[in-house]
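Written out below as C-alpha cells is the structure these notes cover.
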C-alpha cells in the first residue's frame, strides 16, 4: 500500500467514525428529534464593544468556597437578612451571619440521594436534580415575607417566612406541563411573573437547548387571587432572567440565545406590547433591578464569532453537533475557549452604564446573577461552588 493509499484509508475511517459516532460522543447523539433553529442574531455592528480593561471583577472576594454548590440566585429577605440562595442539591439555604442553615426545599420526594456531598461540584447533582429539585430564581414578597421560587423541575412555588417544604403554585400553562421554570419576580399587588426557558428541554439538557435555538420559551403571569396563569410572551429562544422596573410599569426579561434584553409593558398606552431594550455584548442569565431603577445583567459569556455564525446557519450548526465532539468541548467553542465573567448595568431606557469583567476567569466566571445591596454586588453562579462579592465603593 502506498502512502497516498494509506492516508486515503485513514481519512475514510475517520469520516466513517465521525458519521456513525459509535461511542455516542456527539452532544445530540441521544436526541433523535433534535432540531437546529435559525437564530435572528443582531447585526454584528450593533453588538457593544465596551470592555473593562482593568478586569475589575478580579478584585471580588470569593466567599463560602465549596459550601454552596451552584448558587444561581441570591436574595435578601424584607428585613435585610441573608443571603438566601438555591443550591444544586435542591436546598434553599440561609446565611445567618455565622453559618449556612437549611431554609426550604421544593421537592416532596427528597431522600438520602439528595444529601449534599462534601466538596462536590455542581455538576455532581445533575443526575438527581429532577428528584431533589433545582431551585433557580428566588424573590421575596416585601409585604408578606413569602419567598417565591422558580424550580427548574417543580415549577413556581412559595414558602412562608419560616421556611420548610414549599407549596406548589403552578406546574402547567395552557394545559402543557412546565419543563424548565427559570426566574421569578413579584409586583406590589402580589402578581407573580416568571419565565419558562423551554417546554421541550429540561435544565439538565440546557446545553442542547442552547445548541438547538429552541423557541418554546415563555414569560408568564400568575394571579394569586384567581390562581390563573397567563402567557404574556411566547416563542422566546431561552427566556431566562426577569425583573420588574422600579415603578412597576414594565418588566425586563432576557433572551438567552439571541443575547438581548426585552421590555414588556404592563401599564400605560403600550401595555401588553414588547420591544427590544438592549442588545448585549454577550449571552444573559439573570437580570436584577437596583434601588436606582437600573438593571444589572449577568452574562454567561461574551459573544464570539463562532457562536454568532452558528446561530445564523442552523444546518451547519447541526452538522457540527453531529461530530463526535463532546458537549463540554462544543460548549467551550461557543464561549471562546474558557469561562469568564461579565456583568453589565443598563438604564431603564436601555443605555449601557457600566461593565465589569474578569476576562481571564481568574477569580469569577460563568456568572448567573448580580444582586446589589449596600454598595456591594453579590455574584451567584449556577456552575461554581461559591459566591463572590464585589465592592462598588
Quick one: would you say residue 163 is in contact (Cβ under 8 Å) with a residue 12 or more places away in the chain and either in the same structural domain as residue 100 (by TED's automatic domain parsing) or surrounded by fewer than 19 Cβ atoms within 10 Å (Cβ to Cβ) (or both)? yes
Residue, nearest to residue 272 (Cα to Cα), within the stretch 232-255, restricted to residues that are under 12 Å from the mean Cα position of the chain (by Cα) and in a strand (DSSP E or B): 253
The conditions are (1) over 17 Å from residue 55 (Cα atoms); (2) touching a strand residue (DSSP E or B) at 6+ places or on another chain (Cβ under 6 Å), and residue 374 fails exactly one of them. Which is it? (2)
Within the stretch 334-342, can one find any residue that is surrounded by fewer than 15 Cβ atoms within 10 Å (Cβ to Cβ) and part of a helix (DSSP H, G or I)? no
With the requirement that a residue be outside any loop (DSSP other than H, G, I, E, B) and surrounded by 15 or more Cβ atoms within 10 Å (Cβ to Cβ), what does the stretch 318-331 give you? 318, 320, 321, 327, 330, 331
Has the stretch 91-105 got at least one residue that is surrounded by 20 or more Cβ atoms within 10 Å (Cβ to Cβ) and touching a helix residue (DSSP H, G or I) at 6+ places or on another chain (Cβ under 9 Å)? yes
Note on the stretch 343-365: residues in contact with a helix residue (DSSP H, G or I) (Cβ under 8 Å, 6 or more places away or on another chain) and either assigned to a strand (DSSP E or B) or surrounded by 15 or more Cβ atoms within 10 Å (Cβ to Cβ) (or both) are 343, 356, 357, 358, 363, 364
Can you pull out the residues in the stretch 204-223 that are outside any strand (DSSP E or B) and out of contact with any helix residue (DSSP H, G or I) (no Cβ under 7 Å at 6 or more places or on another chain)? 205, 206, 208, 209, 210, 212, 214, 215, 216
Select from the stretch 43-86 the residues that are over 22 Å from residue 98 (Cβ atoms), in a loop (DSSP other than H, G, I, E, B) and touching a helix residue (DSSP H, G or I) at 6+ places or on another chain (Cβ under 8 Å) and list them in ascending order. 70
Identify the residue in the stretch 256-267 that is in contact (Cβ under 8 Å) with a residue 24 or more places away in the chain and in a strand (DSSP E or B) and, among all such residues, is surrounded by the fewest Cβ atoms within 10 Å (Cβ to Cβ). 262
Please identify the pairs in which a residue from the stretch 358-384 that is without any contact (Cβ under 8 Å) to a residue 60 or more places away in the chain has its Cβ atom under 7 Å from the Cβ atom of a residue that is crowded, with 24+ Cβ neighbours inside 10 Å and part of a strand (DSSP E or B), counting only partners at least 6 apart or on another chain. 361/341; 365/341; 365/358
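The values are calculated or read from the model by the stated rules, or taken from the named source; none is laboratory data. Since the structure is predicted, the reported quantities are computational estimates derived from the model, not experimental observations. Note that each Cβ is placed from the backbone with ideal geometry, even for glycine, and that neighbours are counted across all protein chains shown.
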